Amino acid sequence: MLCDTSRLLPAGAATTLPAQPRSRGSALRCRRRELHFPGHPALPFCDFLAAQLARPSFPPGRRVILRRGRMPPVMGGSLAGSERRARRGRCGPQAARAVGPDVAAEDAARSPKRLVQGSRRFKAAGGWALLAVVTLLSFATRFHRLDEPPHICWDETHFGKMGSYYINRTFFFDVHPPLGKMLIGLAGYLSGYDGTFLFQKPGDKYEHHSYMGMRGFCAFLGSWLIPFAYLTVLEVSKSLPAALLTAALLTFDTGCLTLSQYILLDPILMFFIMAAMLSMVKYNSCTDRPFSASWWFWLSLTGISLAGALGVKFVGLFIILQVGLNTISDLWHLFGDLSLSLVTMGKHLIARILCLIVLPLALYMAIFAVHFIVLNKSGPGDGFFSSAFQARLSGNNLHNASIPEHLAYGSVITVKNLRMASGYLHSHRHLYPEGIGARQQQVTTYLHKDYNNLWIVKKHNTNSDPLDPSLPVEFVRHGDIIRLEHKETSRNLHSHYHEAPLTRKHYQVTGYGINGTGDSNDFWRIEVVNRKFGNRIKVLRSRIRLIHLVTGCVLGSSGKVLPKWGWEQLEVTCTPYLKETLNSIWNVEDHFNPKLPNISLDVLKPSFPEILLESHMVMLRGNNGLKPKDNDFTSKPWHWPINYQGLRFSGINDTDFRVYLLGNPVVWWLNLLSIALYLLTGSFTAVALQRGVHLPAEVEGLSQVLLRGGGQALLGWVLHYFPFFLMGRILYFHHYFPAMLFSSMLTGILWDTLLRLCAWRLAPSSLARGIHVGGILSLLLGTAYSFYLFHPLAYGMVGPLAQNPLSPMAGLRWLESWDF
Amino acid sequence: VDELILMREEQLGILLSLLFYKMLGFLRHPLVVTADINLNVVALTGVGLLSRLWRLTYPRAVVFDEVYYGQYISFYMKRIFFLDDSGPPFGHMLLALGGYLGGFDGNFLWNRIGAEYSSNVPVWSLRLLPALAGAFLVPMAYQIVLELNFSHCAAMGAALLVLIENALITQSRLILLESVLIFFNLLSVLSYLKFSNLQKHSPFSPSWWFWLMLTGVACSCAVGIKYMGVFTYLLVLSIAAVHAWHLIGDQTLSNVCVFCHLLARTVALLIIPILTYLLFFYVHLILLYRSGPHDQIMSSAFQASLEGGLARITRGQPLEVAYGSQVTLRSVFGKPMPCWLHSHQNTYPMIYENGRGSSHQQQVTCYPFKDVNNWWIVKDPGRHQLVVGNPPRPIRHGDIVQLVHGMTTRLLNTHDVAAPLSPHSQEVSCYIDYNISMPAQNLWRLEIVNRESDTDVWKTIMSEVRFVHVNTSAILKLSGAHLPDWGFRQLEVVGEKLSRGFHESMVWNVEEHRYGKSQEQKERELELHSPTQVDISRNLSFMARFSELQWRMLTLRTDDSEHKYSSTPLEWVTLDTNIAYWLHPRTSAQIHLLGNITIWASASLAMVTYALLFFWYLLRRRRSIRDLPEDCWLRWVLAGALCCGGWAVNYLPFFMMEKTLFLYHYLPALTFQIILLPVVLQHVNDHLCRSQLQRSVFSALVVAWYSSACHVFNTLRPLTYGDTPLSPSELRALRWRDSWDILIRKY
């Protein structure tokens, strides 16, 4: 399969090209290896334009012959362009199928050698120029009025704040991995922002604080999306109009524009997603030159981009999935190629494992390593993490603290629940009210540090003071029966067969007894999770469970908030279900015992893998915790592709500076239509091919572009969109934008292919050429005009709301659900 | 022309004589019926029935989830409407059919596990249907392996394994739905296999049609019992799709023929299941026509379609709401609970606990009970009357109205004051004039959400309306929060200022309605207390009722309750958990859901073996090394796709579910795994054992392994049937895993 394009190569063309130096480790045995250009490994698209630009210099007679392929030569790359490309056998066996060999041969035979060389230079220049125009336009639109509004917009309040945390090096907690915020922080640092702005709430003025560096950085990354998409489409479709159309759709989409202009994670995420996609298709095109420098370059770049995408948000997993699927199918094809030895196969496999698994993983961990090194001061995120983790943070009371390592009788301790944000075991001089269990002292969990969190560990059967210096130190061991006495009130932790105040199926936990004298309901067996009997209990690190001796239930925190009488602290119950859940697992945090030597907590510091694992658990739980409430308005995934509702970035009233995140409806609805159309034409073509219908060579080539190139874009859209239907967390409109990028690429490919097909049908008539040019041009102009109409959404508007005829947006509120 | 007619007649004559000739044929030859009876199947059915039906009425007490399904059977017997979100109604109906055949009158209080059945409960017939379904699993496993083109020996193996699987037996012998679900799962797979085997030589024959249709029907029955059935349905669909794709590629068939094939599959596998599914609901709604305890969850219109309940109240209400109408307004969203717009004499506290101030005007809340304070009078802002004119002036979409609280005659009002619990929204109150520059803002624009045209009239029950505040364009909304004690824990109602689009919590409908007659306050109060009169009837179409019921069933969220025997999917594969179903009130006889651990372990092992072998073969085939002949490879793939696929689709989705899970959820997946087991064994025997000696040794091992499975079955039998009381030491000996919770009495 790798060699099939070489069939198309006429000898004449081959001799015109310089020979490729032998690339290292190449396993290819076909002649094609000789046909590369060492000079421009990364610029295949340029040939295209050049084929086009060179055309006018052909004598008219030759033009007719060139059109024998029944494709009208249109602006940019007509199929004739791709014929040339294919002829050289570079980058893309699929496009090569588009061409009947005879056409290529004739074409080649007629092109004088010098002309080809001269025009190639011209082509390259033209390709670069077009790319430069696209890039410039993209940068111009993104950086235009970037400084407005000079106040916090929407989620800038979070991500700007987190950038400041990096500059101030205070520890915080967020549900996303750290790369995006780290980059924002870095951009702020480099641009002279000092991290002093509070980022309190949307609408706060930045005043003298430098915010342009951070916005500029995001806009910079956001601007690259368009050239990336352009190059990707060019690579898979080999068609300049398709690429231009995609670039125009994205440039003129108000949604992408808005999302790129603020301090948000999305431009960074999308940058990495598109970079991964681009390098993946580039690398796919290098299949014919395995282990060459460009092959390695694109492969490792794919890996790096994947690490970047995952390092910004977990949504990066979807692009990883896409690259993974692509790699599997790639390997599958290689494996089926019997001309490759198993050793070569092994090399292929190892190369992919190195670049797509090992490299991204290493980078991903490096990101976290930097994150933990930079954030070394105690901050607002401490409470989410375990006691051992907090010991790392300077400023936290556990930092550099020294406490006895093993729990002994007589120790004064605080006990922390392992469930996130659940707090310390707590009691106070208040009784459960009448009618709620027994009228005994309340036991709760409390999030803040307080004297009422202190408990004394005592033996269950004696009430002697274990701190008596004459007695030897006795350590508490796994499986011991103990009594916990509340230090302030001298009551014992107690449970009995009364139902708990909120969780009716559990038992109530109270403080009972006078000066430590209670009854047998005060006895608890202390157990360390996953340990053997007789082991000592380590402070901070042992995960312990307290099992009530009489009823056999386990001490746990239900996480429910008690009413007023319980000071809105969290309920503590004794649960009869013995399942190991975090609710019923505790650890000892503070530990005072004068008889024991204090050791520095540094030895208890968790290792890097432990920190990594813990922070991921916390992030995951945090993500799952973002649940919408019943009566809230939430954005539903089905809203997104139809552009049902936007997001208000800034401003409400007519006097405010308003920015509204909404896709350009023309672009979005065109995308939606294209997906439907694609499914229709795609399945039609697939069924026709499966039925063995014999297609003309041109149509066959176009259908390959449609099925493969379009299929890749469609897969990207599906992978970045449908998983959201399964997510229980709260969703926002902006989650759709990665999928939107893919859907725009699909639109570009689809319309170009469809118009070419139309043109092909009408080939003999004079309309043929006009159809393709006219179609693409009208789509380009249409999107540009709609951008002109809707640009105030992105660049901001002041003045009356859209209902008012005086508003700049009057008459543009096409859906009632848009409120701008 | 005459000639033509003549020819026609001639032809007709010939045809008739031919027909006669054919009929005579029957006289010449005797009518013969030949039947093949596979005695294996008969024998397997026999032992299956024996194992499942033996002492079926024991224990004569409520066992585990019978307490749950039993109450629905009672509802069916009494024809009372209920809503159960656990699954579509077909399964419940099947169980109720057993009760109907046994003459059950529905009078039994299903309140506690272990309660003794009273004499009017036909326990045998109630348990019969699940037991029959469970018994038929045995011959069906046999048939499936046979249809997969494996040997009789393997097929017998599959059937015998299903026969001695303790968990399947326990689950079949009680009033539970899993065995019925598994039955239909296997039936759909079996009939699809029969169909696809017929595809090669006799397409479009009657038996081809029969099995194809049966596939569709069995699939929808499985879905109709539990939503889980969808996964097997999807599996069958995707296998059918792959086969259809091959059919499209088959160029020996004409286009028309391919089209007919595809059409037949679409009809049988898509349209028939949908129709059957609708049929379940149709029968369900026909059967349950009386109002019952779950009415409140449904919309007013649905309730009105049931006999008794709301229908009794609303029968005879005027349809069109007019100026002067007295109405109650129910929140359409109904979450966290169904409630009505309410007001009462008490005012908002001057200062809230957090220091914010209020308007101190009369509270407006949403109240989940019927009450005289739920009545509101719709008033024309331009006039003073509170009675309906003659003729009544109906209110249309877009009209401006005022809402007067019936008992206090205060007007519904909202203003730029933060609501008590949702500070971003406006407070809604009944206006009291304190002369402190807080003017009344009590004009509301009526918007009918489900209107057909902009001139629609506001109708009782049917119209879903929003109230948009004229001054601030805030929308009347149920926020869902519970007010503190000063608000009597009723639900908070707010004016949502930033309308972020449509949400059902902003939509209300008129439930009770009458035309107000009395202008005087005292008389009006009397009138409000009296029931409504006039008469009109309204009916909801089946599709409307179906879609509402289905939607409520899917969105109903019951509180996740912890359960002592709940487990996680990971514990199922290794059988780390069990469920105690029942304990004899005096002795230690008990029933547990506990699998035959030999079978569970070896089935998982077989699947791993299958997967490894499959990938090994696949990779070697890709390198053009063919270890298996083509047909052997194809049936190996099909068996794997069905069994491993069946296991995966019935197991993996549980990892994403958030509801409380139990061991019995694993049984459908397990059944597929068990069927794979003999297939793998036969494959190992045929292809991996090279010499005759190896084969003999392998067969001996298989026999030894099967006898150990039988031994395990026999050991666990007392816990499966619960018929023999065991001593504490025997029970302790049965506790093979620490995590098994076997009940031991303390004497």
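The values are calculated or read from the model by the stated rules, or taken from the named source; none is laboratory data. Source: prediction; values computed, not measured. Note that each Cβ is placed from the backbone with ideal geometry, even for glycine, and that neighbours are counted across all protein chains shown. The accessibility values were calculated without ligands, DNA or RNA, using every heavy atom of the protein model including side chains. Shrake-Rupley method; radii C 1.70, N 1.55, O 1.52, S 1.80 Å.
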* Assuming B:VAL327 fulfils every condition listed in (1) over 30 Å from B:MET77 (Cβ atoms); (2) part of a loop (DSSP other than H, G, I, E, B) apart from one, which condition is it? -> (2)
* To do: Determine, yes or no, whether B:LEU556 is more than 14 Å from every other protein chain (Cβ to nearest Cβ), touching a residue at least 24 places away in the same chain (Cβ under 8 Å) and touching a helix residue (DSSP H, G or I) at 6+ places or on another chain (Cβ under 9 Å).
  => no
* To do: Taking B:ASN413 as meeting all but one of (1) at pLDDT below 90; (2) farther than 28 Å from B:ALA301 by Cβ, write down the number of the exception.
  => (1)
* To do: Inspect segment A:381-389 for any residue being in contact with a strand residue (DSSP E or B) (Cβ under 6 Å, 6 or more places away or on another chain), in contact (Cβ under 8 Å) with a residue 60 or more places away in the chain and within 30 Å of A:HIS460 (Cβ to Cβ) and give the result as yes or no.
  => yes
* Identify, by number, the condition in (1) assigned to a helix (DSSP H, G or I); (2) open to solvent by less than 60 Å² (accessible area, probe 1.4 Å) that B:TRP740 doesn't meet. => (1)
* **All helices (runs of 4 or more DSSP H) inside segment A:307-422 with 3 or more residues being surrounded by fewer than 21 Cβ atoms within 10 Å (Cβ to Cβ)** => A:316-336, A:342-352, A:359-374
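Would you mind stating whether A:ASN530 is at pLDDT below 85, open to solvent by 30 Å² or more (accessible area, probe 1.4 Å) and within 24 Å of A:TYR409 (Cβ to Cβ)?
Spelling it out, A:ASN530 is indeed at pLDDT below 85, open to solvent by 30 Å² or more (accessible area, probe 1.4 Å) and within 24 Å of A:TYR409 (Cβ to Cβ).
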* **Conditions (1) in contact with a Pro (Cβ under 8 Å, 6 or more places away or on another chain); (2) more than 14 Å from chain A (Cβ to nearest Cβ); (3) surrounded by fewer than 20 Cβ atoms within 10 Å (Cβ to Cβ): number failed by B:LEU661** => (2)
* Asked: Can you pull out the residues in segment B:266-285 that are over 29 Å from B:PHE82 (Cβ atoms) and either outside any helix (DSSP H, G or I) or open to solvent by less than 20 Å² (accessible area, probe 1.4 Å) (or both)?
  -> B:ALA268, B:LEU269
* Residue under evaluation B:TYR434, criteria (1) modelled with pLDDT of 90 or more; (2) farther than 21 Å from B:VAL332 by Cα, criterion not met -> (1)
* Asked: In segment A:571-595, how many residues are at pLDDT below 85 and over 30 Å from A:VAL473 (Cβ atoms)?
  -> 8
* Structure fact -> Restricting attention to segment B:612-651, the residues that are within 14 Å of chain A (Cβ to nearest Cβ) and in contact (Cβ under 8 Å) with a residue 24 or more places away in the chain number exactly 0
* Asked: Which residue, of A:ALA686, A:ALA676, A:ALA697, is open to solvent by 20 Å² or more (accessible area, probe 1.4 Å), more than 14 Å from chain B (Cβ to nearest Cβ) and modelled with pLDDT of 90 or more?
  -> A:ALA676
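Conditions (1) within 27 Å of A:PRO563 (Cα to Cα); (2) in contact with a strand residue (DSSP E or B) (Cβ under 7 Å, 6 or more places away or on another chain); (3) open to solvent by 30 Å² or more (accessible area, probe 1.4 Å); (4) at the interface with another protein chain (Cβ under 9 Å from one of its Cβ atoms), marked per residue:
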| site | (1), (2), (3), (4) |
| --- | --- |
| B:SER479 | yes, yes, no, yes |
| B:HIS482 | yes, yes, yes, no |
| B:ARG489 | yes, yes, yes, no |
| B:GLU496 | no, yes, no, yes |
| B:PHE502 | no, no, yes, yes |
| B:VAL507 | no, yes, no, no |
| B:HIS513 | no, yes, no, no |
| B:LYS517 | no, no, yes, no |
* Of all residues in segment B:313-343 being on the phi > 0 side of the Ramachandran plot and more than 14 Å from chain A (Cβ to nearest Cβ), the one that is modelled with the highest pLDDT -> B:GLY324
* Structure fact -> For B:ALA240, the lone unmet condition from (1) at pLDDT 95 or above; (2) within 24 Å of the chain's Cα centre (by Cα) is (2)
* To do: Collect the residues in segment B:98-123 that are open to solvent by 30 Å² or more (accessible area, probe 1.4 Å), at pLDDT 90 or above and among the aliphatic types (A, V, I, L, M), keeping them in residue-number order.
  => B:LEU101
* Asked: Inside segment A:428-455, can you point out the residues that are open to solvent by 30 Å² or more (accessible area, probe 1.4 Å), in a strand (DSSP E or B) and touching a Lys or Arg at 6+ places or on another chain (Cβ under 8 Å)?
  -> A:LEU431
* To do: Consider B:GLU178 carefully, then state whether it is among the acidic types (Asp, Glu) and farther than 30 Å from B:GLN590 by Cα.
  => no
* May I ask you to verify whether B:ARG79 is of a type in the set (D, E, K, R), in contact (Cβ under 8 Å) with a residue 12 or more places away in the chain and closer than 30 Å to B:ARG586 by Cα? => no
* Look through A:TYR230, A:TYR165, A:TYR189, A:TYR262 and report the one residue that is touching a helix residue (DSSP H, G or I) at 6+ places or on another chain (Cβ under 7 Å), open to solvent by 10 Å² or more (accessible area, probe 1.4 Å) and of a type in the set (Ser, Thr, Tyr). => A:TYR189
* Answer with yes or no whether B:LEU743 is of a type in the set (A, V, I, L, M), in the same structural domain as B:LEU137 (by the TED database) and either modelled with pLDDT of 90 or more or on the phi < 0 side of the Ramachandran plot (or both). => no
* Structure fact -> When (1) at pLDDT 95 or above; (2) within 41 Å of the chain's Cα centre (by Cα); (3) aliphatic (A, V, I, L, M) are applied to B:ALA733, the one that fails is (1)
* When you look at B:CYS643, is it assigned by the TED database to the domain that holds B:ALA611, of a type outside the set (D, E, K, R) and surrounded by 18 or more Cβ atoms within 10 Å (Cβ to Cβ), yes or no? -> yes
* Collect the residues in segment A:337-356 that are within 13 Å of chain B (Cβ to nearest Cβ) and under 17 Å from A:ASN284 (Cα atoms), keeping them in residue-number order. => A:ASP337, A:MET345, A:LEU349
* Tell me which residues, restricted to segment B:458-477, are of a type in the set (Gly, Ala, Ser) and within 14 Å of chain A (Cβ to nearest Cβ). => B:SER473, B:ALA474
* Structure fact -> Of the listed residues (A:ASN400, A:ASN396), the one being farther than 20 Å from A:TRP298 by Cβ and touching a residue at least 60 places away in the same chain (Cβ under 8 Å) is A:ASN400
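Mind counting the residues in segment A:563-597 that are among the β-branched types (Val, Ile, Thr) and open to solvent by less than 10 Å² (accessible area, probe 1.4 Å)?
Result for segment A:563-597: 4.
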